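This report concerns only the one structure given below.
The values are calculated or read from the model by the stated rules, or taken from the named source; none is laboratory data. Quantities reported herein were computed from a predicted structural model and do not represent experimental measurements. Here the Cβ positions follow ideal geometry from the backbone for every residue, glycine too, while neighbour counts run over all protein chains shown. Just so you know, the surface numbers come from the protein's heavy atoms only, side chains and all, with ligands and any DNA or RNA stripped out. Shrake-Rupley method; radii C 1.70, N 1.55, O 1.52, S 1.80 Å.
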Amino acid sequence: MDVKIPAGLTDGQQIRLKGQGLPGPGAVGDALITVTIATHPLFTREGANLRIELPVTLYEAVLGAKVRVPTLDGAVSLAIPAGTSSGRTFLLKGKGLPGKGGAGDLLAKVTIVLPDHKDPALDELMRKWRDANPYDPRKDMG
């Protein structure tokens, strides 16, 4: 049997199919379908909004860049401003789940990802930069 699943359902909600159940004394019953929403490899759901972890390189975060962000409708371009820290979240309006009241939003959280291999040139650059520009991002943590 084909069932049309309405947009905006949440995990555990039920759909009633009137007259599609088993026959009983004097009538045919209703079929009840309980919706279970599978996890997605990229997106997590918060109501109609979606969240995604967006990996960027160190140089994209420092210098700024345009990066491709996957959405349900296909990838879109997002401008990452120079000096973006890991953890910053960008809002992509209307790129979440469709629903009765309109589409939700996509929240893309930046994660700075370093190269898999050790790079002596990067290590040397960071040592020089650290020595010339010391700062403590945890100074207010006690």
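Worth a mention:
- Inter-label distance, ARG68 to ASP119: 2.1 nm, where each label sits 7 Å from its Cα along the C-beta direction.
- Straight-distance crosslink candidates among aspartates and glutamates, where the alpha carbon sits under 17 Å from LYS128 and sequence neighbours closer than 8 are dropped: ASP119, ASP136
- Karplus 3J(HN,Hα) series, Hz, for region 62-71 with 6.51 cos²θ - 1.76 cosθ + 1.60 (x for Gly, Pro): 6, 8, x, 5, 9, 10, 8, 10, x, 10
- Residue-wise HN-Hα couplings along region 98-109, as the Karplus relation 6.51 cos²θ - 1.76 cosθ + 1.60 with θ = phi - 60° gives them from phi, are x, x, 4, x, x, 6, x, 10, 10, 10, 9, 9 Hz; Gly and Pro carry x.
- Hits among lysines - C-alpha to C-alpha of LYS95 under 25 Å, sequence gap 8 or more where chains match: LYS4, LYS66, LYS109
- Backbone phi angles across region 26-41, fed through the Karplus curve with coefficients 6.51, -1.76 and 1.60 (θ = phi - 60°), yield HN-Hα couplings of x, 6, 9, x, 8, 9, 10, 10, 9, 7, 10, 9, 6, 6, 10, x Hz in residue order; Gly and Pro are listed as x.
- Share antiparallel - DSSP beta bridges, region 1-132, percent rounded to 5: 75
- The dipole here belongs to the chain: it is taken about the Cα centre, uses +1 on the Cβ of Lys and Arg and -1 on the Cβ of Asp and Glu, and is about 340 debye.
- Angle between the chain longest axis and helix 120-132 axis [Cα atoms, degrees, rounded to 10]: 70
- Spin-label model, LYS18/ALA79: points 7 Å from Cα along the beta carbon direction are separated by 5.3 nm.
- Region 1-74 - percent of accessible surface contributed by carbon and sulfur, probe 1.4 Å: 57
- Secondary-structure-derived ellipticity at 222 nm for the chain, considering helices only, amounts to -4000 deg cm²/dmol, per-run term -39500 (n - 2.57) for DSSP H runs with n ≥ 4.
- Alpha carbon Rg of the chain, scaled by the compact-globule rule 2.2 N^0.38 Å: 1.65
- Per residue accessible area of region 45-95, 1.4 Å probe, in Å²: 58
- For GLY21, the residues whose amide H sits under 5 Å from its own are GLY29, ASP30, ALA31, ignoring neighbours fewer than 5 places away on the same chain, with H placed 1.01 Å from N.
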